[in-house]
Amino acid sequence: MAIVTEDGTGKSDAQSYLSLADADAYFTARGIAAWTGANSTKEAALIAATEYIDIRWGDLLKGSLEFTDTQALLFPRLNVYDNEGRALTGIPQRLERATAEYALISLSQSLMPNPTIESSGKVVIEESDETGPIKETKKYQSGYLTKRPYPKADALMACFIVGSGTTRVYV
């Protein structure tokens, strides 16, 4: 079953910001061999990446929905401009690239993993075990839960985020 790709018309059944064919072309052009697997696996990764973008960045996006009554995803948007002041309409190339990058990560790990929480309520961020003479180490997260950074994909998303400044990434 092929995924439904948002094409900038505000589809009510869209599942991804990037088609499988375009993702394949993106990674082929960059010589990235890790983008592999059955088409259904790669489509699932594109859907996971799109969901991640909408959940992770949704409350921080510039502009507003273009098709408020119909569109399933958070793009296309109105009143979004890049760092040079150009209007970003439809499904901008940077959004497609970010989707590809998050999808690649999604092939090998969860983009939003559930944290390991001990009965004390502490979040475990690192754990090691040694058998002789017994040594066990745990590191805990302090403060609030933070979101895992994905530098390249996050940088591609920067121009869509309120207060993101002038972050520039050339890929």
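The values are calculated or read from the model by the stated rules, or taken from the named source; none is laboratory data. If you're wondering where the values come from, they're calculated on a predicted model, not measured in any experiment. Glycine gets a Cβ as well: all are built from the backbone with ideal geometry, and neighbour counts include every protein chain shown. Remember, those area values only see protein heavy atoms, side chains included, never the ligands or the DNA or RNA. Shrake-Rupley method; radii C 1.70, N 1.55, O 1.52, S 1.80 Å.
Among the listed residues Tyr144, Tyr170, which satisfies the condition of being aromatic (Phe, Trp, Tyr), closer than 27 Å to Arg30 by Cα, at pLDDT below 95 and open to solvent by 90 Å² or more (accessible area, probe 1.4 Å)?
Working: Tyr144 fails: closer than 27 Å to Arg30 by Cα.
Matching residue, one of Tyr144, Tyr170: Tyr170.
Which residue pairs have Cβ atoms closer than 7 Å, lie 6 or more positions apart in sequence or on different chains, and pair a first residue in the range 9-31 that is in contact (Cβ under 8 Å) with a residue 60 or more places away in the chain and in a loop (DSSP other than H, G, I, E, B) with a second residue that is open to solvent by 20 Å² or more (accessible area, probe 1.4 Å) and β-branched (Val, Ile, Thr)?
Cβ pairs passing all conditions: Gly10/Thr70; Lys11/Val4; Ser12/Thr70; Tyr17/Ile91; Leu18/Thr5.
So Ile47 fits all but one of (1) over 19 Å from Glu6 (Cα atoms); (2) in a helix (DSSP H, G or I); what number is the exception?
All conditions are met except number (1).
Just the residues that are touching a strand residue (DSSP E or B) at 6+ places or on another chain (Cβ under 8 Å), of a type in the set (Gly, Ala, Ser) and loosely packed, with under 15 Cβ neighbours inside 10 Å, please, taken from the range 63-96.
Those that are touching a strand residue (DSSP E or B) at 6+ places or on another chain (Cβ under 8 Å), of a type in the set (Gly, Ala, Ser) and loosely packed, with under 15 Cβ neighbours inside 10 Å: Ser64, Ala87.
Can you name the residue in the range 42-62 that is open to solvent by 70 Å² or more (accessible area, probe 1.4 Å) and among the charged types (D, E, K, R) and is also modelled with the lowest pLDDT among such residues?
Asp59
Can you pull out the residues in the range 4-31 that are open to solvent by less than 50 Å² (accessible area, probe 1.4 Å), within 17 Å of Ala98 (Cβ to Cβ) and not charged (D, E, K, R)?
Hits for the range 4-31 are Thr5, Gly8, Ala14, Ser16, Tyr17, Leu18, Ser19, Leu20, Ala23, Tyr26, Phe27.
Scan the range 54-71 and report the pairs whose first residue is under 17 Å from Tyr150 (Cβ atoms) and whose second residue is open to solvent by 70 Å² or more (accessible area, probe 1.4 Å), with Cβ atoms within less than 6 Å and a gap of 6+ or a chain change.
Leu60/Val162
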